[in-house]
Amino acid sequence: MAEIVVGMGRQKSLRAVATIAESTLHKIQGAPRKVTMRPRPMEVIAERTEYDGEFQSFQIRLRKVTGPVVDTLAGVASEFQDVCSKAEEDGWLVIRCAPAGDDTVPRVHECVDKLAASVLLPEVWRVQGDGYRLDHVSVELLFQAMIQYKASDVHLSPGEAPVFRIDNQTRRSDIISPLSAPQILALINEIAPDRDWQEFQEAKQASFNFHQVGLGYSRVSCFIKSGAPHITFRFLPEVIPSFDDLNIPAETMRELANLHHGLVLVVGMTGSGKSTTVAALVDWINTNKTLHILTIEDPIEYVHVNKKSIVSQRNTGIDVRTFHEAVRGALRHDPDVIVIGEMRDPDTIRSAISAAATGHLVISTLHSNTASEVINRVVSFFDPVERDLVKLQLRDAMRCVICQRLVPRVGGGRLPAIEVLFNDTKPINDAILDGNTDAMRIGMQQTVGSSFLFEEYLCDLYKQGKIDLEHAREYSTEVSILDQMLMGTYSVPRLDSIKALR
């Protein structure tokens, strides 16, 4: 493992130096059974039989030691000759202290303390660990644990037991021992395709899909932090959940799935369930319609099998170089539905809008906290001179924006709260062209359209007893609107108020 430079200040005990070195290594690489410390011109090796507790044996190597110090060290070695020996090797003075049995470990420690008192210990030490855990990490057991705990993710870091994300809270496992950097590197090497393993070695990060047959899929992300490997598994079930399984309005989703063309965006913050909602939407189309569905992802997450439709899933970097090239080339592949994993750059967005305008249903995701912010979020990818044209294209191509937030459920688990912006009324159509977020929110509240706000959905969830009031208020965009809905005093804003916003 890599050598680490540690400033320890003026220490008087070699055992204290070894403890500081072990603690530093533990945080970065895991628990070592052997620590080598190399301040110039000295080398100290401390070893123990287990992965925790004090070090039991020490080897001290000193160069260019002369005068009274040599005599003092020799005297200490002679005093503790039952656990200590002295020798000269290639110009080094070598002192080895090892217990003859468990009952002599305290005597070794006493000897090492006396030896340390005889020399001036350096402030800066170069530290390297060895003897880390090498036990095989079972991916199958990790998947079984994610299913048992109902975890969305699991994080593996050196020096820690696996950390599971359950209901958006991180919880450490109490049944799996802390892992080491070699264990995690071996796991990455085991599950990563050759191309991704090479990318990880060169770029210090990689992302790929892994399938544990019979249990599920996972989007795997591995990277280096502070010189040590880290790996995250995002759990994805083999069976794609239905609208009812996800507790999202089936009628609204079927309405979207039956669209023949246009742009549909599923938005929300990281971890809000966007990918799962898109997968459920694609699965419904696949189950009920005879179409060609083309997905472009990085990496592929939910794996679809052909049902009534044909599903072609392309992985960027493997099947095609970039999202932009894949979307641009998609029109030549005879698709009816194009699914883009994420709209992340102007070229991809242009191609998506163009595909939606030429008679294809385009479904994609984007990071946004509300549905009404999406237009300006998309437009912000472009230079100012292009923005008016993009808003005009969005006005004509956009069909719907679904925004999601996962809210803690009464009794455990989480429920999606959603708001929906349908481009089905003139006020919303005009607000898209103007890029007017406030006018869009007012348009979403009109009863003539099918749109609705988070507050309306949260109010219904609370009245059904599925979420509590505290979380309903916490996940509202405007708490005052939710409070009015709960009290029955809410009134829909007049359309005249939109004029004042222009």
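Among residues of segment 132-168 being in a helix (DSSP H, G or I) and polar (S, T, N, Q), the one that is surrounded by the most Cβ atoms within 10 Å (Cβ to Cβ) is GLN144. Of all the criteria given as (1) at pLDDT 90 or above; (2) buried (at least 21 other Cβ atoms within 10 Å of the Cβ); (3) of a type in the set (Val, Ile, Thr), the one not satisfied by VAL379 is (2). Residues of segment 270-298 that are at positive phi and in a helix (DSSP H, G or I): none at all. Any residue in segment 332-345 that is touching a residue at least 24 places away in the same chain (Cβ under 8 Å), charged (D, E, K, R) and touching a Gly at 6+ places or on another chain (Cβ under 7 Å)? No. Among the residues of segment 82-111, those that are exposed (fewer than 11 other Cβ atoms within 10 Å of the Cβ) and more than 50 Å from the chain's Cα centre (by Cα) comprise ALA87, GLU88, GLU89, ASP90, GLY91. Note on segment 147-186: residues that are more than 17 Å from HIS230 (Cβ to Cβ) and of a type outside the set (Gly, Ala, Ser) amount to 11.
Annotation: of all residues in segment 392-422 being part of a helix (DSSP H, G or I) and either of a type in the set (Lys, Arg) or in contact with a Gly (Cβ under 7 Å, 6 or more places away or on another chain) (or both), the one that is farthest from SER476 (Cα to Cα) is ALA397. Being buried (at least 23 other Cβ atoms within 10 Å of the Cβ) and among the small types (Gly, Ala, Ser) is the filter; apply it to segment 409-431 and report the residue that is farthest from LYS274 (Cα to Cα). Per the criteria, the residue is ALA431.
Restricting to segment 441-492, name every residue that is of a type in the set (Gly, Ala, Ser), in a helix (DSSP H, G or I) and buried (at least 21 other Cβ atoms within 10 Å of the Cβ). Walk me through it before giving the result.
First, pick out the residues of segment 441-492 that are of a type in the set (Gly, Ala, Ser): 443, 449-451, 465, 472, 476, 480, 488, 491.
Then drop every residue that is not in a helix (DSSP H, G or I), which leaves 443, 472, 480.
The answer is GLY443, ALA472.
The values are calculated or read from the model by the stated rules, or taken from the named source; none is laboratory data. Remember, predicted model here, so these are calculated numbers, not experimental data. Virtual Cβ from ideal backbone geometry, glycine too; neighbours counted across all protein chains shown.
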